[in-house]
Amino acid sequence: QVQFVESGGGLVQPGESLRLSCASPGVIFSGYAVGWYRQAPGKQRDSVAAISGGTLTRYADSVKGRFIISRDNAKNTIYLQMNSLKPEDTAVYYCNALRSYFSGRDDPLFDNWGQGTQVTVSS
């Protein structure tokens, strides 16, 4: 069964940085486009960043210029570097493979999600 394991979240002050990691024992990420998503309390889960099976990337307007998605195929890990964090970035962050990077829709490929990692930005 496909599993995703997100880590690296925490409590930070506005303006600080965090790096999230996404690992999966059951998915070889080098063969997939992957996305990071987030869900704030009372809101739907939205895509924030996506990376193609290669190195193409795109970002939600709300994080563009502050977040960087990357992949390390040797470690089978996808990262999300989050800089200049804002209180509105507070959410649980998840990762999942994408159905298609080039569709532009960031639809998740797998139905099951990991537990996510909580990011809280507060002074």
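The values are calculated or read from the model by the stated rules, or taken from the named source; none is laboratory data. Here the structure is a predicted model, which means the values were calculated and not measured. Cβ placement follows ideal geometry from the backbone for every residue including glycine, while neighbour counts extend to all protein chains displayed. Ligands, DNA and RNA are excluded from the accessible area calculation, which covers all protein heavy atoms including side chains. Shrake-Rupley method; radii C 1.70, N 1.55, O 1.52, S 1.80 Å.
Note down the Stokes-Einstein diffusion coefficient of the stretch 1-91 in µm²/s, whole number, using a Kirkwood radius over alpha carbon pairs, 25 °C, and 0.890 mPa s.
Details: Rh = 13.7 Å.
The calculation lands on 180 µm²/s.
With a 1.4 Å probe and every protein chain left in place, tell me how much accessible area Trp113 has, in Å² to the nearest 10.
Trp113 has an accessible surface of roughly 70 Å² with all protein chains in place.
Give me the accessible area of Val63, 1.4 Å probe, in Å² rounded to the nearest 10.
0
Leaving out ligands, DNA and RNA, and with a 1.4 Å probe, what % of the accessible surface on the chain is carbon or sulfur? Please report the intermediate quantities before stating the final value.
Values: 2990 of 6370 Å².
Carbon-and-sulfur percentage of accessible area, whole number: 47.
Suppose every Lys and Arg Cβ carries +1 and every Asp and Glu Cβ carries -1, with no other charges. What dipole size does the stretch 21-123 come out with about its Cα centre, to the nearest 20 debye?
It comes to approximately 120 debye.
Keeping all protein chains in place, calculate the accessible area per residue for the chain (probe 1.4 angstrom), answer in Å². Write out the running numbers ahead of the final one.
Details: 6370 Å² over 123 residues.
That works out to 52 Å² for each residue.
Count charges around Arg66 for me, please; just the other residues with Cβ under 10 Å from its Cβ, Lys/Arg as +1, Asp/Glu as -1. Present the calculation step by step, with values, prior to reporting the outcome.
Details: positive: Lys64, Lys86; negative: Asp89.
Computed value for this residue: +1.
Once phi is turned into θ = phi - 60°, what whole-Hz ³J(HN,Hα) does the Karplus curve with 6.51, -1.76 and 1.60 give for every residue of the stretch 99-111, x standing for Gly and Pro?
Karplus values, whole Hz, x for Gly and Pro: 5, 7, 5, 7, 6, x, 9, 6, 5, x, 7, 9, 6.
Relative contact order of the chain, please, whole-number percent, based on alpha carbon pairs below 8 angstrom and at least 6 residues apart. Could the numbers behind the result be given before it?
Details: 304 pairs, mean separation 43.4, N = 123.
Over the chain, the number comes to 35 percent.
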